[in-house]
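One structure is given here, and the rest of the page talks about it.
Every number in this text was worked out from the coordinates using simple rules, so none of it is lab data. The model shown is predicted, which means the values in this text are computed figures rather than measured ones. Here the Cβ positions follow ideal geometry from the backbone for every residue, glycine too, while neighbour counts run over all protein chains shown.
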Amino acid sequence: DPPSAAVSAEGRYVAFTTYSQLAPADRDARRDVYVLDRLNHSVTLESLPLQGQLMSDSSHPAISGDGRFLVHETGDRVILRDRRDGLGDLRHR
């Protein structure tokens, strides 16, 4: 899987994947999903484990028009995150 990215409708948020560790919470060598807030010039790690440690690279991020919701794949799981409330939901494909 090549790295991928997605942009919110107004262009403020850019969700992307990288192997680079851009946040202190990223403590593994796996590909993670981050979101760049172009207005605040900040980057947040979004592929945080919901149930235990992530065991696969994360890929295929998609972000809602307002940047609140983010979905991405991790192995055989599809993860939906509410970025405002910090909640996540896990689904198996």
Practice task
Show me 80-86, 65-71, 21-27 ranked by packing, highest mean number of other Cβ atoms within 10 Å first.
Solution key: 65-71, 80-86, 21-27
Problem - Whole-Hz ³J(HN,Hα) from phi, Karplus 6.51 cos²θ - 1.76 cosθ + 1.60, for the range 64-71, glycine and proline x - result: 5, x, 9, x, 6, 9, 9, 10
Handout entry: Gain in span if fully extended, Ser64 to Leu45, counting 0.36 nm per residue against the direct Cα distance
Key = 5.2 nm
Problem - For the range 1-43, size of Cβ-based charge dipole, Lys and Arg +1, Asp and Glu -1, in debye - result: 40 debye
